[in-house]
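Below: one structure, written as structure tokens.
The values are calculated or read from the model by the stated rules, or taken from the named source; none is laboratory data. This structure is a prediction, so every number in the text was calculated from the model and none was measured. Methodologically, a virtual Cβ is constructed for each residue, glycine included, from the backbone with ideal geometry; neighbour enumeration extends over all protein chains shown.
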């Protein structure tokens with residue numbers, strides 16, 4: 001029984017190392033590097049999550065997070081910078097949770113739904129380097145995940161999940 005347990009632990013360790021190192025057998029799609037800046041009313045939007053979701057079915061989204069100055073860089077997967085080539089729907093959200101169960105902190109959404117849940121933003125990623133700057137405008141509906149929906153409608157999270 002001990003030997004079987006060690007083999008299982010070894011297999012789990014190998015799988016974990018591969019996932020962390022990015023050594024999977026999945027073939028990557030064509031990617032273009034993507035950088036840019038997110039501002040709202042001309043001011044940087046720090047700590048916002050930005051996703052580029054391909055309009056091509058079956059492809060994964062590329063993700064990034066803005067720095068204090070609003071700059072971001074996208075990653076398709078661990079160790080692979082960029083976003084899938086072609087048209088992507090762009091979603092930007094400032095909502096987030098940090099900490100553990102005892103010390104959970106929630107950052108409220110400040111970005112209007114037209115840039116996340118009901119995003120109107122699109123970007124066409126090409127081979128090579130791409131720069132997409134987004135100057136968002138405040139005002140309009142802002143969806144707060146976890147709060148009751150107005151008019152009894154069930155909403156979706158800013159990331160589009162759930």
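Take the range 98-118 and flag every residue that is part of a loop (DSSP other than H, G, I, E, B) and in contact (Cβ under 8 Å) with a residue 40 or more places away in the chain. Break it down stepwise before answering.
Let us first name the residues in the range 98-118 that are part of a loop (DSSP other than H, G, I, E, B), namely 99-104, 108-112, 116-118.
Residues satisfying the conditions are 109, 110, 111, 116, 117.
Inspect the range 31-49 for any residue being at pLDDT below 95 and either farther than 23 Å from residue 98 by Cα or assigned to a strand (DSSP E or B) (or both) and give the result as yes or no.
no
Does residue 79 satisfy being closer than 18 Å to residue 31 by Cα, at pLDDT below 95 and exposed (fewer than 12 other Cβ atoms within 10 Å of the Cβ)? Give the derivation first.
Details: closer than 18 Å to residue 31 by Cα: yes; at pLDDT below 95: yes; exposed (fewer than 12 other Cβ atoms within 10 Å of the Cβ): yes.
Taking the combined requirement at face value, the residue satisfies it.
Identify, by number, the condition in (1) at negative phi; (2) surrounded by 12 or more Cβ atoms within 10 Å (Cβ to Cβ); (3) touching a residue at least 24 places away in the same chain (Cβ under 8 Å); (4) under 17 Å from the mean Cα position of the chain (by Cα) that residue 65 doesn't meet.
(3)
Of the conditions (1) farther than 20 Å from residue 46 by Cβ; (2) within 18 Å of the chain's Cα centre (by Cα); (3) at pLDDT below 95, residue 106 clears all except one; give me its number.
Going through the list (1) farther than 20 Å from residue 46 by Cβ; (2) within 18 Å of the chain's Cα centre (by Cα); (3) at pLDDT below 95, residue 106 breaks only (1).
Please count how many residues of the range 82-97 are buried (at least 16 other Cβ atoms within 10 Å of the Cβ) and part of a strand (DSSP E or B). Step through it out loud before you land on a result.
Kept after step one, since they are buried (at least 16 other Cβ atoms within 10 Å of the Cβ), are these residues of the range 82-97: 82-86, 88-96.
Then keep just the ones that are part of a strand (DSSP E or B); that gives 83-84, 86, 88-93, 96.
Number satisfying all stated conditions: 10.
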